[in-house]
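For reference, the structure discussed in these notes is given below.
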Amino acid sequence: MPPYESGRRLCLLMEAGETRFSVEATSIMEVAAPGPDETSLRGVLEVKDLSVLLGGDPEPGPGMVVVFDVSPTLAVRVRSIVEVVDAAQSPHFLLPSGLGDTLAALSRSAVLHKERLYLELTAEALPHGPGTVHPPPEHPVHFFQGSPERSLVFESQGRLFGLPLTLVSQVVARGPSFSALPGKGGAVAGVYPHAQSLWPIYSAPALLGAPATPEGFLVLVDLGGRNLGLCASRVLGFHPRFEPAGEPGEFLAPGLPTPVLFLDLKHMFS
(Lines give C-alpha, C1' and ligand atoms only; values in the text may rest on other atoms or scores of the structure.)
Protein backbone atom coordinates (compact mmCIF):
# COMPACT_ATOMS: atom_id res chain seq x y z
CA MET A 1 0.00 0.00 0.00
CA PRO A 2 1.35 3.51 -0.76
CA PRO A 3 1.89 5.96 2.10
CA TYR A 4 -0.63 8.66 2.83
CA GLU A 5 -0.10 11.48 0.37
CA SER A 6 -0.75 14.48 2.61
CA GLY A 7 -1.70 15.59 6.08
CA ARG A 8 -0.75 14.26 9.50
CA ARG A 9 -1.91 11.03 11.08
CA LEU A 10 -0.89 10.81 14.73
CA CYS A 11 -0.92 7.28 16.09
CA LEU A 12 -0.10 5.69 19.43
CA LEU A 13 2.20 2.69 19.11
CA MET A 14 1.95 0.09 21.86
CA GLU A 15 2.65 -3.55 22.70
CA ALA A 16 0.23 -6.08 24.20
CA GLY A 17 0.93 -9.77 24.51
CA GLU A 18 3.33 -10.71 21.71
CA THR A 19 1.81 -8.21 19.25
CA ARG A 20 2.54 -4.58 18.43
CA PHE A 21 -0.43 -2.29 17.73
CA SER A 22 -1.08 1.15 16.28
CA VAL A 23 -4.18 3.20 17.21
CA GLU A 24 -5.14 6.60 15.86
CA ALA A 25 -4.64 9.28 18.52
CA THR A 26 -8.16 10.63 17.90
CA SER A 27 -9.52 7.36 19.36
CA ILE A 28 -7.68 7.78 22.67
CA MET A 29 -8.81 9.81 25.63
CA GLU A 30 -5.93 9.18 28.03
CA VAL A 31 -2.73 7.22 28.65
CA ALA A 32 -1.80 6.71 32.30
CA ALA A 33 -0.23 4.37 34.82
CA PRO A 34 -2.64 1.87 36.44
CA GLY A 35 -3.72 2.20 40.05
CA PRO A 36 -1.96 0.34 42.89
CA ASP A 37 -4.17 -2.74 42.41
CA GLU A 38 -3.64 -2.62 38.62
CA THR A 39 -7.37 -3.23 38.07
CA SER A 40 -8.67 0.34 37.97
CA LEU A 41 -7.77 3.85 36.93
CA ARG A 42 -8.11 6.28 39.87
CA GLY A 43 -10.65 3.86 41.36
CA VAL A 44 -13.22 4.89 38.73
CA LEU A 45 -12.58 3.05 35.48
CA GLU A 46 -12.18 -0.72 35.46
CA VAL A 47 -9.00 -1.67 33.61
CA LYS A 48 -9.17 -4.74 31.39
CA ASP A 49 -6.25 -6.71 30.00
CA LEU A 50 -6.04 -6.08 26.24
CA SER A 51 -4.17 -9.34 25.64
CA VAL A 52 -6.97 -11.30 27.35
CA LEU A 53 -9.68 -9.36 25.50
CA LEU A 54 -8.05 -10.44 22.23
CA GLY A 55 -7.85 -14.10 23.25
CA GLY A 56 -4.28 -14.18 24.55
CA ASP A 57 -2.64 -14.82 27.90
CA PRO A 58 -2.78 -12.35 30.83
CA GLU A 59 -0.26 -9.53 30.64
CA PRO A 60 2.35 -9.31 33.41
CA GLY A 61 1.91 -6.05 35.33
CA PRO A 62 2.01 -3.23 35.85
CA GLY A 63 2.09 -2.02 32.24
CA MET A 64 0.24 1.10 31.12
CA VAL A 65 -3.43 1.99 30.73
CA VAL A 66 -4.94 3.26 27.48
CA VAL A 67 -8.45 4.76 27.63
CA PHE A 68 -10.34 4.55 24.35
CA ASP A 69 -12.92 7.13 23.28
CA VAL A 70 -15.66 4.59 22.56
CA SER A 71 -19.10 3.95 24.01
CA PRO A 72 -19.03 2.70 26.70
CA THR A 73 -15.58 3.98 27.63
CA LEU A 74 -12.97 1.22 27.53
CA ALA A 75 -9.76 1.25 29.59
CA VAL A 76 -7.21 -1.47 28.79
CA ARG A 77 -3.83 -2.42 30.18
CA VAL A 78 -1.00 -2.96 27.70
CA ARG A 79 2.55 -4.18 28.22
CA SER A 80 4.21 -0.96 27.06
CA ILE A 81 3.77 2.31 25.20
CA VAL A 82 6.31 2.71 22.39
CA GLU A 83 5.72 6.28 21.21
CA VAL A 84 3.34 8.66 19.46
CA VAL A 85 4.23 9.11 15.81
CA ASP A 86 2.99 10.76 12.65
CA ALA A 87 2.35 7.64 10.55
CA ALA A 88 1.12 9.48 7.44
CA GLN A 89 4.27 8.77 5.45
CA SER A 90 5.01 5.31 6.87
CA PRO A 91 4.48 2.27 4.63
CA HIS A 92 1.00 0.78 5.08
CA PHE A 93 -0.15 -2.72 4.15
CA LEU A 94 -3.52 -4.41 3.87
CA LEU A 95 -3.75 -7.57 5.95
CA PRO A 96 -3.89 -10.74 3.84
CA SER A 97 -7.07 -12.78 3.75
CA GLY A 98 -7.45 -16.01 5.67
CA LEU A 99 -6.42 -14.70 9.11
CA GLY A 100 -9.85 -15.25 10.65
CA ASP A 101 -13.02 -13.22 11.09
CA THR A 102 -12.03 -11.95 14.54
CA LEU A 103 -8.86 -10.27 13.35
CA ALA A 104 -10.57 -8.95 10.20
CA ALA A 105 -13.08 -7.11 12.41
CA LEU A 106 -10.34 -5.64 14.62
CA SER A 107 -7.77 -4.69 12.02
CA ARG A 108 -7.61 -4.35 8.25
CA SER A 109 -4.09 -2.99 7.86
CA ALA A 110 -0.64 -2.60 9.39
CA VAL A 111 1.98 0.14 9.46
CA LEU A 112 5.76 -0.27 9.29
CA HIS A 113 7.64 2.16 11.55
CA LYS A 114 11.37 1.96 12.24
CA GLU A 115 11.42 -1.52 10.66
CA ARG A 116 8.78 -2.79 13.11
CA LEU A 117 5.30 -3.81 12.02
CA TYR A 118 2.25 -2.61 13.97
CA LEU A 119 -1.29 -3.91 13.42
CA GLU A 120 -3.72 -1.00 13.16
CA LEU A 121 -6.55 -1.49 15.65
CA THR A 122 -10.10 -0.23 15.07
CA ALA A 123 -11.00 1.08 18.54
CA GLU A 124 -14.77 0.77 18.00
CA ALA A 125 -14.39 -2.95 17.22
CA LEU A 126 -12.55 -3.85 20.43
CA PRO A 127 -14.47 -6.26 22.67
CA HIS A 128 -15.35 -5.08 26.18
CA GLY A 129 -15.01 -8.53 27.70
CA PRO A 130 -13.28 -11.82 27.00
CA GLY A 131 -15.23 -13.88 24.52
CA THR A 132 -14.80 -16.48 21.85
CA VAL A 133 -11.94 -15.59 19.55
CA HIS A 134 -12.17 -17.58 16.36
CA PRO A 135 -8.89 -18.66 14.74
CA PRO A 136 -8.57 -18.88 10.96
CA PRO A 137 -10.21 -21.91 9.33
CA GLU A 138 -8.11 -25.07 9.21
CA HIS A 139 -6.59 -26.24 5.95
CA PRO A 140 -7.09 -29.88 4.93
CA VAL A 141 -3.81 -31.79 5.07
CA HIS A 142 -2.48 -33.17 1.78
CA PHE A 143 0.86 -34.88 1.33
CA PHE A 144 3.18 -34.72 -1.65
CA GLN A 145 2.71 -37.56 -4.12
CA GLY A 146 5.67 -39.03 -5.98
CA SER A 147 9.37 -38.52 -5.22
CA PRO A 148 10.26 -34.80 -5.01
CA GLU A 149 12.98 -33.28 -7.16
CA ARG A 150 15.70 -31.04 -5.69
CA SER A 151 14.15 -29.52 -2.57
CA LEU A 152 14.84 -27.22 0.36
CA VAL A 153 14.90 -29.02 3.71
CA PHE A 154 14.24 -27.12 6.93
CA GLU A 155 13.49 -27.96 10.55
CA SER A 156 10.48 -26.72 12.50
CA GLN A 157 9.68 -27.74 16.07
CA GLY A 158 12.15 -30.60 15.81
CA ARG A 159 10.78 -32.12 12.58
CA LEU A 160 12.19 -31.96 9.05
CA PHE A 161 10.05 -30.57 6.23
CA GLY A 162 10.74 -30.21 2.53
CA LEU A 163 9.72 -27.83 -0.25
CA PRO A 164 10.44 -28.33 -3.97
CA LEU A 165 12.90 -25.77 -5.29
CA THR A 166 10.31 -24.38 -7.70
CA LEU A 167 8.15 -23.16 -4.78
CA VAL A 168 10.86 -21.45 -2.72
CA SER A 169 11.05 -17.69 -3.16
CA GLN A 170 13.50 -16.74 -0.43
CA VAL A 171 14.74 -17.61 3.07
CA VAL A 172 15.06 -14.71 5.52
CA ALA A 173 15.76 -14.18 9.20
CA ARG A 174 12.56 -13.38 11.06
CA GLY A 175 13.65 -9.90 12.20
CA PRO A 176 11.64 -7.13 13.93
CA SER A 177 9.35 -6.52 10.93
CA PHE A 178 7.61 -9.83 11.65
CA SER A 179 4.45 -9.41 13.72
CA ALA A 180 2.76 -12.11 15.75
CA LEU A 181 -1.04 -12.16 15.73
CA PRO A 182 -3.13 -11.51 18.84
CA GLY A 183 -4.91 -14.41 20.49
CA LYS A 184 -4.96 -17.82 18.91
CA GLY A 185 -3.97 -17.66 15.28
CA GLY A 186 -4.52 -21.33 14.46
CA ALA A 187 -1.73 -22.40 12.09
CA VAL A 188 -0.75 -18.77 11.40
CA ALA A 189 2.26 -17.63 13.43
CA GLY A 190 2.16 -14.03 12.17
CA VAL A 191 2.61 -11.73 9.18
CA TYR A 192 5.72 -10.42 7.44
CA PRO A 193 6.12 -7.51 4.97
CA HIS A 194 7.85 -8.55 1.76
CA ALA A 195 7.72 -7.34 -1.85
CA GLN A 196 5.24 -4.54 -1.00
CA SER A 197 2.67 -6.81 0.63
CA LEU A 198 2.08 -8.74 3.85
CA TRP A 199 2.73 -12.47 3.73
CA PRO A 200 0.94 -14.77 6.19
CA ILE A 201 3.52 -16.91 7.98
CA TYR A 202 2.37 -20.42 8.86
CA SER A 203 3.85 -23.04 11.16
CA ALA A 204 4.16 -26.36 9.28
CA PRO A 205 3.67 -28.42 12.47
CA ALA A 206 0.58 -26.31 13.26
CA LEU A 207 -0.90 -27.25 9.88
CA LEU A 208 -0.78 -30.79 11.31
CA GLY A 209 -2.39 -29.80 14.61
CA ALA A 210 0.49 -28.57 16.79
CA PRO A 211 0.58 -25.04 18.30
CA ALA A 212 1.92 -22.32 15.99
CA THR A 213 5.32 -21.14 17.21
CA PRO A 214 7.33 -18.31 15.61
CA GLU A 215 10.90 -19.40 14.86
CA GLY A 216 14.12 -17.71 13.79
CA PHE A 217 13.79 -18.13 10.01
CA LEU A 218 11.03 -17.66 7.45
CA VAL A 219 10.84 -19.72 4.27
CA LEU A 220 8.89 -17.63 1.74
CA VAL A 221 6.82 -19.65 -0.73
CA ASP A 222 5.26 -18.68 -4.07
CA LEU A 223 2.32 -20.93 -4.91
CA GLY A 224 1.69 -19.37 -8.29
CA GLY A 225 -0.10 -16.19 -7.27
CA ARG A 226 -0.57 -16.97 -3.59
CA ASN A 227 2.26 -15.97 -1.26
CA LEU A 228 2.90 -17.34 2.20
CA GLY A 229 5.76 -18.30 4.48
CA LEU A 230 6.69 -21.12 6.82
CA CYS A 231 8.58 -20.85 10.11
CA ALA A 232 11.90 -22.67 10.48
CA SER A 233 14.29 -23.10 13.39
CA ARG A 234 17.11 -23.98 10.98
CA VAL A 235 17.60 -24.50 7.25
CA LEU A 236 19.54 -27.54 6.05
CA GLY A 237 19.86 -26.44 2.43
CA PHE A 238 18.89 -28.02 -0.88
CA HIS A 239 19.00 -31.79 -1.29
CA PRO A 240 18.42 -34.04 -4.35
CA ARG A 241 17.51 -37.71 -4.77
CA PHE A 242 14.58 -38.31 -2.41
CA GLU A 243 13.23 -41.82 -1.94
CA PRO A 244 9.94 -42.85 -0.27
CA ALA A 245 10.32 -43.56 3.46
CA GLY A 246 7.16 -45.67 3.84
CA GLU A 247 4.84 -43.14 5.48
CA PRO A 248 2.57 -40.77 3.49
CA GLY A 249 4.50 -37.69 2.43
CA GLU A 250 7.79 -38.81 4.01
CA PHE A 251 11.00 -39.19 2.00
CA LEU A 252 14.65 -39.97 2.71
CA ALA A 253 17.69 -38.29 1.15
CA PRO A 254 21.44 -38.95 1.53
CA GLY A 255 23.02 -37.04 4.39
CA LEU A 256 19.78 -36.39 6.29
CA PRO A 257 19.30 -38.02 9.70
CA THR A 258 15.52 -38.52 9.59
CA PRO A 259 12.73 -38.65 7.00
CA VAL A 260 11.55 -35.36 5.49
CA LEU A 261 7.82 -34.58 5.36
CA PHE A 262 6.51 -32.89 2.22
CA LEU A 263 3.15 -31.14 2.51
CA ASP A 264 1.30 -30.50 -0.77
CA LEU A 265 0.85 -26.76 -0.17
CA LYS A 266 -0.56 -26.09 -3.62
CA HIS A 267 -3.40 -28.50 -2.95
CA MET A 268 -3.90 -27.33 0.65
CA PHE A 269 -4.11 -23.63 -0.26
CA SER A 270 -5.93 -23.89 -3.58
The chain - mean residue ellipticity at 222 nm from DSSP helices (-39,500 (n - 2.57) per run, n ≥ 4, rounded to 500)
-1000 deg cm²/dmol
Gap in Å between the Cα centre of region 245-270 and the Cα centre of region 135-179?
10 Å
How large is the accessible surface per residue of region 70-120, computed with a 1.4 Å probe and reported in Å² as a whole number?
45 Å²
Expressed as a whole percentage, what fraction of the accessible surface of the chain belongs to carbon and sulfur atoms when a 1.4 Å probe is rolled over the protein heavy atoms?
53 percent
On full extension of the chain, what length is gained from Ala245 through Asp37, given 0.36 nm per residue of separation minus the C-alpha to C-alpha distance?
69.1 nm
Choose one of Gly225, Val76, Val66: the residue whose Cα lies farthest towards the positive end of the charge dipole of the chain (beta-carbon charges +1 Lys, Arg; -1 Asp, Glu; about the Cα centre).
Gly225
Pull up all non-local amide H partners of Leu228: gap of 5 or more, or a different chain, and H-to-H distance under 5 Å with H placed in the peptide plane.
Val221, Leu223
17 Å Cα-Cα reach of Lys114 towards aspartates and glutamates, excluding residues that sit fewer than 8 places from it in its own chain:
Glu15, Glu83, Asp86
Taking Cα pairs closer than 8 Å and at least 6 residues apart, the relative contact order of region 61-199 in percent is 21 percent
Take the alpha carbon atoms of region 188-234, find their center, do the same for region 73-123, and report the distance between the two centers in whole angstrom.
19 Å
Counting only heavy atoms of protein chains, what accessible area per residue, in Å², does region 121-270 have with a probe of 1.4 Å?
46 Å²
Which lysines have a Cα less than 23 Å from the Cα of Lys184, not counting those fewer than 8 places away in the same chain?
Lys48
Computed about the Cα centre, the charge dipole of region 94-201 from +1 Lys/Arg and -1 Asp/Glu charges at the Cβ has a magnitude in debye, to the nearest 20, of 220 debye
Percent of Cα-Cα distances greater than 16 Å, calculated over region 23-106
60 percent
How much length would be gained if the chain were fully extended between His134 and Arg159, taking 0.36 nm per residue of separation minus their Cα-Cα distance, in nm to one decimal?
6.3 nm
Testing the spin-label approximation: label points 7 Å from Cα along Cα→Cβ at Arg116 and Glu46. State their distance in nm.
3.1 nm
Loop only per DSSP, at most 13 neighbouring Cβ atoms within 10 Å: give me the GluC sites (Glu not before Pro) in region 146-236, ordered by residue number.
Glu149
Cα gyration tensor of the chain - equivalent ellipsoid semi-axes, whole Å, descending
40, 19, 15
Using only the Cα atoms of region 188-270, construct the convex hull and provide its projected area averaged over every direction, in square nanometres to one decimal.
6.3 nm²
Which Cα, out of Ser147, Tyr118, Val44, lies furthest along the positive dipole direction of the chain (beta carbon charges, K/R +1, D/E -1)?
Ser147
When the chain is fully extended, how far beyond the present Cα-Cα distance does Gln170 get from Ala123, taking 0.36 nm per residue of separation?
13.3 nm
Can you find, among Leu236, Gly209, Gly183, the residue sitting farthest towards the positive end of the charge dipole of region 114-270, where Lys and Arg contribute +1 and Asp and Glu -1 at Cβ?
Leu236
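The values are calculated or read from the model by the stated rules, or taken from the named source; none is laboratory data. None of the values given here were measured: they were computed from a predicted structure. For neighbour counting, all protein chains shown are included, and Cβ atoms are generated from backbone atoms with ideal geometry for every residue, glycine included. The area values use the complete protein model at the heavy-atom level, side chains included, leaving out ligands, DNA and RNA. Shrake-Rupley method; radii C 1.70, N 1.55, O 1.52, S 1.80 Å.
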